[in-house]
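For reference, the structure is listed below as structure tokens.
What follows draws every value from the coordinates through simple rules; no lab data is involved. The model shown is predicted, which means the values in this text are computed figures rather than measured ones. Here Cβ is always computed from backbone atoms with ideal geometry, including for glycine, and neighbour counts include all displayed protein chains.
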Amino acid sequence: MNLTNSSRLTSSEALFTQTARQSSSSEEKNEKLRFCIDFTNLNKINAKDSFLVASIDEMVDAIAGHELLSFMDAYLGYNQIKMHSPDEDMTAFTTGRAIYCYKVMPFDLKNAGATFQRMVNQVFKELIRNTIEVYVDDMLIKSLDRSDHVKNLGEAFALLRKI
């Protein structure tokens, strides 16, 4: 989790009293601690991003006839998108010991999916509909001819290395 202690922030204590979310944790089956923050109220006051997410049906149709497919899941990519600095205060939460805020986009924000889809579309714009299909954090490298697959994978990984 990419967090920062909010003591460096210039917002007043009154703002934190009104906006800081309570955090909770629970132990999962694998004995790891799961950290939970409720962003319900923050999501209510933010407008829905109208960015169109690709249709899964279109993605399925677009892979018809391809000899090889490679699937990639970029779930952890959500945690790589930096928050706009002035908006970090809006993600403030308290742990009982201190007030923190996110420096990267938390997964549970209303527009996280649309923001991630927009970023992925921008990164892969030259390959989408040609050798790659993307649906939020799921990516599919496709090759009509088996002999092109390593090259197609290389092009996708080269673009990923740039971000």
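For region 82-122, list residues with backbone N below 16 Å from a point placed 7 Å from the Cα of I163 toward its Cβ?
82-84, 104-107, 112-122
Quick one: which residues, 5+ away or cross-chain, put their amide H under 5 Å from the amide H of D138? H built at 1.01 Å from N.
Result for D138 returns A74.
Hey, can you grab everything whose amide H is under 5 Å from the amide H of I81? Only 5+ residues off in sequence or another chain; H modelled, so Pro and N-termini drop out.
HN-HN under 5 Å from I81: M105.
How large is ³J(HN,Hα) for each residue in region 112-126, as worked out from phi by the Karplus curve 6.51 cos²θ - 1.76 cosθ + 1.60 (θ = phi - 60°), to whole Hz, x for Gly and Pro?
Once θ is set to phi - 60°, the couplings for region 112-126 become 4, x, 5, 4, 5, 4, 4, 5, 5, 4, 5, 4, 9, 3, 7 Hz.
Exceeding 32 Å between C-alpha atoms, which entries from my cross-link table qualify? They are K48/K151; K44/K162; K44/K82; K48/K162; K32/K82; K32/K110.
On the way: K48/K151 38 Å; K44/K162 35 Å; K44/K82 21 Å; K48/K162 29 Å; K32/K82 25 Å; K32/K110 26 Å.
The answer is K48/K151; K44/K162.
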